């Protein structure tokens, strides 16, 4: 069954430099596809579609390879190209960060192709890249059952028409509160998500970082806080949103469901996966995570919500 | 049973002037005790301890009187004094507001006395006022079972020692995220609440406005988002926090319980009560609220959390 309920992610693999108020780290494995896949892999096998340069460290390849649920057949290493790299700084308010540099490298070249072996994938997550590239990926998954995309401020501003075309072709959107505001002009997360569902998608998830997430679906509304992490557990928020999406899509893929209640329940898995991601730089904490820990914290989270049975 | 599980609130009754981005209202019934009592009254009878001047409008008295659960025997009208009044302006980001004016009036005089008929009260909420006055109220409830207080930035700065003394005598604290930060120096809501529990109280609830609330109790941690309100439902956030505390304490009083699980579950009642408060200026929406509407939205909220049975 799991083999049939397959999940794929298209997105970036990056080499990150991260400054937090307390520490600086260089050469960290990053990128939306890396965090998504790492998070999803605890819930469903996940197929990675991404491209790196020949400068990509073997330590990063080994780190991804140790996630038993990740298939890297669609990870292309392009000779003579440089891997995408990103640097960012977080403030004391961990919901605030600034980008220090972005070296797109191989991302400005032709996108990777989806391997033939991935063509039967049913659950597809299109990580943030140019919306025309995201649209091209859709066609490479002819057996798709649920397609969800992310986007960012750059494409909202510079590729608005293509983004609107993309939205007409996806089932769902996952984006953060700032992006939802920029896309719709609406600050209220519920109203912004509702507006996005009028642009094509059946549902929109607005991520609010430490304040949780809101889902607006044609069949209902859902809302969840973030896992209540004390400050000494918040080491590096990078990748929280991508691994949230990974946990969410991983739960849907393992159920093989696309309905409102399944998506609503999937938010809690995304939330709990993200709560581990922020406990280390890069995906280090996820590398050490066990299924028992994940399930235990999910139960803990249900209990903390105080509305369980 | 309900009569014995009694609830009392001490706090302010005010005449508010409120500016929102879309509208301005003067002469609105306000104050922490008014909003607390209005919210609590749907869950438990509530005894009001407050003082107004002889300028207090009869329309406000009538409005409070129409809440069948509110006992106003402890509401003193002081001849020759002026009622507390407050003016504030909200920004497009409804979590942000500025105070335009505060005319303390009767609040700078002797505080009201707790009527003898209230002395058997078991659940006591000390709305925001000088911490020495709050401490004096405690002694007037000899049969108290659970005492919870609020505070504000003014007392954190100007009456810090008295506030720390008060904290040693209360069971719980309910305050907003800015106040928790100012009191503890800690921005993270979970860590700030945890710190407060080292100062005396068994639990602390940090209210985050549209982002929900966090409870840290010696026996556990709980977290809830706000009710997912679209922007056209958010008319005036004034009183949301006070009616949240009212709903929370009202639920505890009707159960007659003071344990962690009861407080955790009580947060959801506070959340739902507050979601009605913000739908109008003043307590107008609460005046029109029915028990059926309250219970229906509470069920809706449980469902929106996606972790129910």
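The values are calculated or read from the model by the stated rules, or taken from the named source; none is laboratory data. On a predicted model such as this, the values are computed, not experimentally measured, just so you know. With ideal geometry, Cβ positions are generated from the backbone for all residues, glycine too; neighbour counts draw on all protein chains shown.
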Just wondering, is there one or more residues in segment B:36-51 that are farther than 27 Å from residue B:249 by Cα and either free of Cβ contacts under 8 Å to residues at least 12 places away in the same chain or touching a helix residue (DSSP H, G or I) at 6+ places or on another chain (Cβ under 8 Å) (or both)?
no
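Mind telling me which of the residues B:200, B:282 ends up being in a loop (DSSP other than H, G, I, E, B) and surrounded by fewer than 19 Cβ atoms within 10 Å (Cβ to Cβ)?
Just one listed residue meets the conditions, B:200.
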Considering only residues that are away from every other protein chain (no Cβ under 14 Å) and surrounded by 24 or more Cβ atoms within 10 Å (Cβ to Cβ), look in segment A:242-258 and name the one that is farthest from residue A:90 (Cα to Cα).
A:253
Enumerate the helices (runs of 4 or more DSSP H) found wholly within segment B:74-189, keeping only those where 3 or more residues are closer than 27 Å to residue B:282 by Cβ and in contact with a helix residue (DSSP H, G or I) (Cβ under 9 Å, 6 or more places away or on another chain).
B:177-184
Somewhere in segment B:214-226, is a residue buried (at least 23 other Cβ atoms within 10 Å of the Cβ), facing another protein chain (nearest Cβ under 8 Å), at negative phi and not in a strand (DSSP E or B)?
yes
Could you tell me which of the residues B:29, B:48, B:43 is closer than 25 Å to residue B:256 by Cα, in a strand (DSSP E or B) and modelled with pLDDT of 95 or more?
B:48
Restricting the search to segment A:81-131, which residues are within 14 Å of chain B (Cβ to nearest Cβ) and more than 30 Å from residue A:44 (Cα to Cα)?
A:90, A:91, A:92, A:93, A:96
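Yes or no, residue by residue, for (1) under 29 Å from residue B:272 (Cα atoms); (2) away from chain A (no Cβ under 14 Å); (3) touching a strand residue (DSSP E or B) at 6+ places or on another chain (Cβ under 6 Å):
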position: B:154; (1), (2), (3): yes, yes, no
position: B:159; (1), (2), (3): no, yes, no
position: B:162; (1), (2), (3): no, yes, no
position: B:172; (1), (2), (3): yes, yes, yes
position: B:177; (1), (2), (3): yes, no, yes
position: B:185; (1), (2), (3): no, no, no
position: B:193; (1), (2), (3): yes, no, yes
position: B:203; (1), (2), (3): yes, no, yes
position: B:207; (1), (2), (3): yes, no, yes
Filtering segment B:227-241 down to residues that are touching a helix residue (DSSP H, G or I) at 6+ places or on another chain (Cβ under 6 Å) and more than 7 Å from chain A (Cβ to nearest Cβ), which residue is nearest to residue A:231 (Cα to Cα)?
B:227
Do the conditions hold for residue B:276, that is, is it more than 9 Å from chain A (Cβ to nearest Cβ) and either in contact with a helix residue (DSSP H, G or I) (Cβ under 8 Å, 6 or more places away or on another chain) or more than 21 Å from residue B:204 (Cα to Cα) (or both)?
yes
